[in-house]
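Reviewing the structure listed below.
The values are calculated or read from the model by the stated rules, or taken from the named source; none is laboratory data. Quantities reported herein were computed from a predicted structural model and do not represent experimental measurements. Cβ coordinates were reconstructed from backbone atoms using ideal geometry, including for glycine residues, and neighbour counts include every protein chain displayed.
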Amino acid sequence: MRASTRRPVVGIIGNSHLINDRYLVYGAGQTTCQAVAEAADCLPLIVPSNPDVASLPDLLEACDGFLLPGGRPNVHPEEYGEPETPAHGTFDRERDGLALALVRACVERGQPVFGICRGFQEVNVAMGGTLHPEIRDIPGRMNHRMPPDGTAEEVFALRHMVRFTEGGVFARLMGAPEVMTNTLHGQGIVRPGARVVIDGWAPDGTPEALYIQDAPGFTLSVQWHPEWNAVKDPVSKALFGAFGAAARGWSAR
């Protein structure tokens, strides 16, 4: 019997959007889907960010790994025990309900999960950590938000260095103690959750890379957006390559 050549399936948690102020759709960015398909060599599958539509047990069986992409809505502060304020911006409570439970399940099972920007923050909150609604308001911090104007190339341009723990997980993966990254986020980690290891920092001390200590599977997450130019950028290619390898390992089981 010939062995299966099926590519691993990566569930990309979709973001909710209204079309014509009326029709709710779940979507994922083109560059995110391309990064999964080309840099991770997996099949991207957009998942509705609604736990009533996409049940957690079914998702865990259907997919070999999960990608939590960036998104404009933020994790609701009630998820980490703080009151809502105007500074927290907009929310997607359905995505909160699916993604946070999904992270915890993947960590326990050893199923690959990769967080990007909001996804990075979701992983921290899922493990009991907290967020600051506006990092640039903290004394000594830089503005990490995306430029208000410019082409996509200018918005996603490399803007600051990320320094890794010497000899740590990310330093070994990158083969370098620091790398240049883009930056397009407003919120950031204040207190890491249980077992969350911060393994990379921006020059102002803002956490930029993490993994879950003693997790049996892939749990790397980053605050920047590696999906941009993922095939050509060596930093992005290393991240998606490792994630794809982990998904193939899970699929082979």
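Observations
- Listed by first and then second residue, the pairs with beta-carbon distance under 7 Å, at least 6 apart or on different chains, first residue in the range 205-221 and at positive phi, second surrounded by fewer than 23 Cβ atoms within 10 Å (Cβ to Cβ), are D214/R195.
- Entirely in the range 50-156, the helices (runs of 4 or more DSSP H) that have 2 or more residues that are over 14 Å from the mean Cα position of the chain (by Cα) and of a type in the set (A, V, I, L, M): 56-62, 93-109, 152-155
- Close pairs (8 angstrom Cβ cut-off, 6 or more residues apart or separate chains): in a loop (DSSP other than H, G, I, E, B) in the range 226-239, basic (K, R) anywhere: A230/K237; V231/K237
- Of all residues in the range 147-161, none are surrounded by 14 or more Cβ atoms within 10 Å (Cβ to Cβ), touching a helix residue (DSSP H, G or I) at 6+ places or on another chain (Cβ under 6 Å) and touching a residue at least 12 places away in the same chain (Cβ under 8 Å).
- Out of S16, S55, sole residue that is in contact with a Phe, Trp or Tyr (Cβ under 7 Å, 6 or more places away or on another chain) and among the hydroxyl-bearing types (S, T, Y): S16
- When the range 202-230 is filtered for residues that are among the charged types (D, E, K, R) and touching a helix residue (DSSP H, G or I) at 6+ places or on another chain (Cβ under 7 Å), only E227 remains.
Results for (1) under 23 Å from R253 (Cα atoms); (2) surrounded by fewer than 20 Cβ atoms within 10 Å (Cβ to Cβ); (3) at pLDDT 95 or above; (4) of a type in the set (F, W, Y), shown as yes or no for each residue.
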| position | (1), (2), (3), (4) |
| --- | --- |
| G27 | no, yes, no, no |
| E61 | yes, yes, yes, no |
| R72 | no, yes, no, no |
| E82 | no, yes, no, no |
| A99 | no, no, yes, no |
| G119 | no, no, yes, no |
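- Leading residue by the ranking (modelled with the lowest pLDDT) among those in the range 162-196 that are surrounded by 17 or more Cβ atoms within 10 Å (Cβ to Cβ) and among the β-branched types (V, I, T): T183
- Enumeration of residues in the range 162-181 that are assigned to a helix (DSSP H, G or I) and either in contact (Cβ under 8 Å) with a residue 60 or more places away in the chain or of a type in the set (D, E) (or both): L173, M174
- Residues that are in contact with a Leu (Cβ under 7 Å, 6 or more places away or on another chain) and of a type in the set (D, E, K, R) do occur in the range 79-90, at least one of them.
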